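We did not get these values from a lab; they are worked out from the coordinates using the rules stated. All values reported here derive from a predicted model rather than from experimental measurement. Neighbour counts run over all protein chains shown; Cβ positions are idealised from the backbone, glycine included.
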Amino acid sequence: MLKLSIRDQRALVGEAELTAAIRDGVPALQLAQAGEERYADSQGWLNVDEWAGEEILANIERIASHIRETCDAFVLIGVGGSNNAARAVIEALADGSGPEIVYAGNTLSANAMNRMLKKLEGKHFAIDCIAKNFETLEPGASFRVLRRELAARYSPEEAASRIICTGTYGSSLEELCKTEGYTFVPFPTNVGGRYTAMTYVGLLPMAVAGIDIRALVRGASDMETALHTGAPEDNLALRYAVLRNLYYQRGYKLELLASFEPQFRWFYKWWVQLFAESEGKDGKGLFPVTAEFSEELHAVGQYIQDGAPLMFETFLDVEARQDSLVVMPDGKADYFDYLNGKDFYDINKAAFSATVTAHSEKLPCLIFDVPALDAYNFGQLFYFFQFACYISGSLLGIDPFNQPGVEAYKGWMFKALGK
Ligand code: PA5
């Protein structure tokens, strides 16, 4: 299970204040645990079993195993919530045994599109067009390009058999599947994009990449149980939500998520979207940013330690020693002999501890102990942050499930494109 500790040498938030704020946050926790009528069309993720039950998992595994047998590459077409969770896990954990996973539908760059097409040259591939609202420009435009690519390579029947669409019931995407004979799987109507990790949206591409989706779902379910039971003062999501709101009130307008494991690179993107799109509204909200340490200690590290006090920091610290590489002497006078016999695992941990000590002189640091970097723990993290985001948004006084702010640019863009 995840654990959370606070390192803040200036003790910005005292124990009594935190206890009182947690007590005040209990109604928000209870509403999240029960689910709220006003958000009924966005809470299908609260009960993991609803969209990741046995029947759905078996269907996903069946489709995925066919793709793994017949394809060298698999194109995930989707943007934002329709791609981030799958990519976070695939890029962290996939062992390369399955088809190469190629990403499309997340860019309008001709250069990026051509690079993506180049990856498919000489490969048998299938595509999954994932779109809740099949009006989003990026996936719609990519889907068209990739359909034509399939049509150019295969018979109409074979091309159709290589197309999956993840769309909502009654949508134009479902209609297209019926007319053209594409495989259709449901995008939950009662789950918003960024909350869809444990549904067909996230799980099908992960299964194609060979991820143990059952372990992932088990992790999410166990986290669901943990966050829906027990005393409120022991509820980790409430504690985290309360802390981030307290820091926000104290003038810290950014939350920096950081880790010393580059495997979290794409998870950051998922996390940023979750919090930015859920909380950044009505002129409020912490701005989520991320840093890959130790590399970025040589870049933003300067600002964190010495720049304007804008942020507090949240670390993901992986406990398990999953890999090992010992630095051996080679008899050359490079002045790095102090590393002789030391394992990179321990060197990385030393860098982590030193960083927390240094940064906590300046800003509050929260540390999540993540037991291991595996599918089970990714499942835990997805559910944990989604649930915490719900509570945190409630404490902030915003609707964590809508995203009205993304419409403004779309109006101008569609006008420019003559839609
Ligand atoms: O979280 C959300 O709802 C959004 O970020 C969507 O996932 C994103 O805009 C993509 O939407 P769609 O699946 O409708 O193309």
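Based on the mean of other beta carbon atoms within 10 Å per residue, what is the order of 335-342, 284-291, 190-197, most packed first?
190-197, 284-291, 335-342
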Inset, instruction - Give me the percent of DSSP beta bridges within the chain that run antiparallel, rounded to the nearest 5. - result: 15
Legend entry - Percent breakdown of C-alpha pair distances by 10 Å bin, ordered from the shortest bin, for segment 285-404: 10, 31, 33, 19, 5, 3, 0
Legend entry - Dipole of the chain [Lys/Arg +1, Asp/Glu -1 at C-beta], most positive-end residue of Q386, P139, Q302: P139
Inset, instruction - Would you mind working out the magnitude of the charge dipole of the chain relative to its Cα centre, with +1 at each Lys and Arg C-beta and -1 at each Asp and Glu C-beta, to the nearest 20 Debye? - result: 1180
Inset, instruction - Over 30 Å between C-alpha atoms is what I'm after, so list which of K132/K415; K119/K269; K119/K253; K123/K178; K281/K419; K132/K269 land there. - result: K119/K253
Legend entry - Computed [θ] at 222 nm, helices only, for the chain once each DSSP H run of length n ≥ 4 contributes -39500 (n - 2.57): -15500 deg cm²/dmol
Inset, instruction - Determine which lysines satisfy two conditions relative to K349: a Cα distance under 21 Å, and not lying fewer than 8 residues away in the same chain. - result: K3, K362
Inset, instruction - Please report how far the C-alpha centroid of segment 1-68 lies from that of segment 404-419, rounded to the nearest whole angstrom. - result: 32
Inset, instruction - Largest first and in whole Å, give the semi-axes of segment 206-315's equivalent ellipsoid, each being the square root of 5 times a Cα gyration tensor eigenvalue. - result: 27, 21, 13
Legend entry - Dimensionless Rg over Rh [segment 86-232; C-alpha; Kirkwood]: 1.01
Legend entry - Rounded Å value of the spacing that divides the Cα centres of segment 289-309 and segment 85-119: 28
Inset, instruction - Could I get the Rg over Rh figure for the chain? Both from C-alpha atoms, Rh via Kirkwood, rounded to two places. - result: 0.99
Legend entry - Vicinal HN-Hα couplings computed from phi for segment 223-238 (Karplus, 6.51 cos²θ - 1.76 cosθ + 1.60; Hz; Gly/Pro x): 5, 4, 4, 4, 7, 9, 10, x, 6, x, 5, 9, 7, 5, 5, 5
Legend entry - P(r) of segment 331-397 over all Cα-Cα pairs, binned every 5 Å from zero, in whole percent: 3, 11, 12, 14, 16, 17, 10, 6, 4, 3, 2, 1, 0
Inset, instruction - Order these peptides, 80-90, 297-307, 368-378, by their mean beta-carbon neighbour count within 10 angstrom, highest first. - result: 80-90, 368-378, 297-307
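Hey, got the dipole for segment 260-419? About the Cα centre, +1 on K and R Cβ, -1 on D and E Cβ, debye to the nearest 20?
It comes to approximately 780 debye.
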Legend entry - Student exercise, segment 1-160 dipole from Lys, Arg, Asp, Glu Cβ charges, in Debye to nearest 20: 720
Legend entry - Positive-end residue of L93, I60, A112, charge dipole of segment 59-116 with Cβ unit charges: A112
